[in-house]
Amino acid sequence: MEHLDPEQAAIQRLKMAAELSEKYYQEPMTVCYSGGKDSEVLLELCRRAEVPFHVVHNLTTADAPETIYHVRKVFYRLELAGISCTISKPFYRGQRTSMWQLIPLKGIAPTRRVRYCCQILKENSNQNQCVILGVRKQESSARSDSAVAELPGRNRSERVTFDMDNGDTRIIAPCQMKATIKIHPIVDWTDSEVWQFLRDAKVDVNPVYAMGFSRVGCVGCPMAGKNRYTEFQRWPKYEMLYRRAFARMVEARRSIGKDGPWNSADEVFRWWMEDRNLDGQMDIFGGEVGAFEP
């Protein structure tokens, strides 16, 4: 692809993704909309690219109320414009689930290293599609090696990346098999480019940003680090929900003879919020994830 400015490069990527989706999946590409700034950019870019698309919001059950209201408002506007929108509710093993049910089921709180919540609550619903995501390299060190197009693997080291900008034809084979292909049109955008684009486009963003938060996602997400203290001050009900789930988790562990290392929800919450010694803890608990599943 010849050198283009970020907006035009992203639009070209979206047009190629739309063509792949229509040709090999026989349906419009799916744009994942979280209610955050990056997915706002995706919606506006899709509008400018004039390509067919469907929008999905994965209901995590732990999003801030303001995020839920914002998503509903945006979906109402999109549907008036004739764009199909879906709020996907989480299922696990054929049953409806939530963050608060998964914690006692898995027997450990979600951490930076054990992120079963992301896979179940956010990623399971978009299978066998051409999926458009607002992933950017600058977001975190874990995403610094992200590519424009990816075929997911069982873990990050097993994924296959494609040089979509330069006509990498290897992407056709998985598309022919209707495998899940992830496209990241703004993967190389910076934070400043994202915000400048939204200002220029006069896009109404999630009100959570105006409250001083730099990220939109699950309240209490371990990836937010110490910012979780501020989140729980703003949304105390979520701290209560986590504590209740931790209490059920302790009881579930105790019921199969695993008494330690916590004896109460308070102890779990304190360990979880301090976010320390996780590497050592994961050596002990990593194998236990899923141990309480029927």
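Applying both filters, DSSP loop and at most 12 other Cβ atoms within 10 Å, to the GluC sites (Glu not before Pro) of the range 1-72 gives Glu2, Glu50. Beta bridges from DSSP with both residues in the chain: antiparallel share about 40 percent, rounded to the nearest 5. Between the beta carbons of Arg47 and Phe91, assuming R0 = 30 Å, the FRET efficiency works out to 0.45 to the nearest 0.05.
A cysteine counts as unpartnered when no other cysteine's C-beta lies under 4.7 Å of its own; in the chain this applies to Cys32, Cys46, Cys85, Cys117, Cys118, Cys130, Cys175.
For the pair Thr180 and Arg248, what calculated FRET efficiency results from E = 1/(1 + (r/R0)^6), where r is the Cβ-Cβ distance and R0 = 45 Å, to the nearest 0.05?
Details: r = 33 Å, r/R0 = 0.73.
Computed FRET efficiency for Arg248 and Thr180: 0.85.
Using the beta-carbon distance between Asp200 and Met240 and R0 = 45 Å, what value does 1/(1 + (r/R0)^6) give for FRET efficiency, to the nearest 0.05?
Rounded to the nearest 0.05, the efficiency is 0.65.
Hey, how many Å between the Cα centroid of the range 1-56 and the Cα centroid of the range 116-146? Going from one Cα centre to the other spans 15 Å.
GNM on the chain, alpha-carbon springs under 10 angstrom: the most fluctuating residue among Ser125, Ser255, Ser21 is Ser255. For the range 137-175, list residues with backbone N below 13 Å from a point placed 7 Å from the Cα of Glu19 toward its Cβ? Flagged as within label range: 164-169, 172.
In which sequence would Ser157, Ser84 go, from the one with the fewest C-beta neighbours within 10 Å to the one with the most? Present the calculation step by step, with values, prior to reporting the outcome.
Numbers: Ser157 6, Ser84 14.
Listed from fewest to most nearby Cβ atoms, that is Ser157, Ser84.
Entry note, the range 7-91: relative contact order of 29 percent, from Cα contacts under 8 Å with a spacing of 6+ residues.
Set against the 2.2 N^0.38 Å expectation for a compact globular protein, the range 1-131 has a Cα radius of gyration ratio of 1.18. Going by alpha carbons, how many degrees (0 to 90, nearest 10) lie between the helix axis of 236-255 and the longest principal axis of the chain? Approximately 60 degrees, to the nearest 10.
Going by a ≥ b ≥ c, the root eigenvalues of the Cα gyration tensor, does the range 59-165 fall in the rounded group (a/c under 1.5), the prolate group (a/b larger than b/c) or the oblate group? In terms of gyration-tensor shape, oblate. Across the chain, the mean sequence separation of Cα contacts (distance under 8 Å, 6 or more residues apart), normalised by length, yields a relative contact order of 24 percent. Its Cα gyration tensor gives the range 104-150 an equivalent ellipsoid; the semi-axes, largest first and in whole Å, are 23, 17, 7.
If one takes the longest principal axis of the Cα atoms in the chain, at what angle in degrees, from 0 to 90 and to the nearest 10, does the Cα axis of helix 6-20 lie? It works out to around 90 degrees.
Order of Tyr242, Tyr229, Tyr25 from fewest to most other C-beta atoms within 10 Å?
Values: Tyr242 26, Tyr229 11, Tyr25 18.
In order of increasing Cβ crowding within 10 Å: Tyr229, Tyr25, Tyr242.
Measuring between alpha carbons in the structure, the pairs from Lys37/Lys178; Lys15/Lys73; Lys15/Lys226; Lys23/Lys137; Lys37/Lys237; Lys226/Lys258 lying more than 31 angstrom apart are Lys15/Lys226. For Asn227 and Glu79, the difference between the fully extended length at 0.36 nm per residue and the C-alpha to C-alpha distance is 49.8 nm. Helix 265-274 and the long axis of the chain differ in direction by around 50°, with both axes built from C-alpha atoms.
Taken together, the values in this text are just the output of simple stated rules run on the coordinates, not laboratory data. None of the values given here were measured: they were computed from a predicted structure. All Cβ positions, glycine included, derive from the backbone under ideal geometry; neighbour counts span all protein chains shown.
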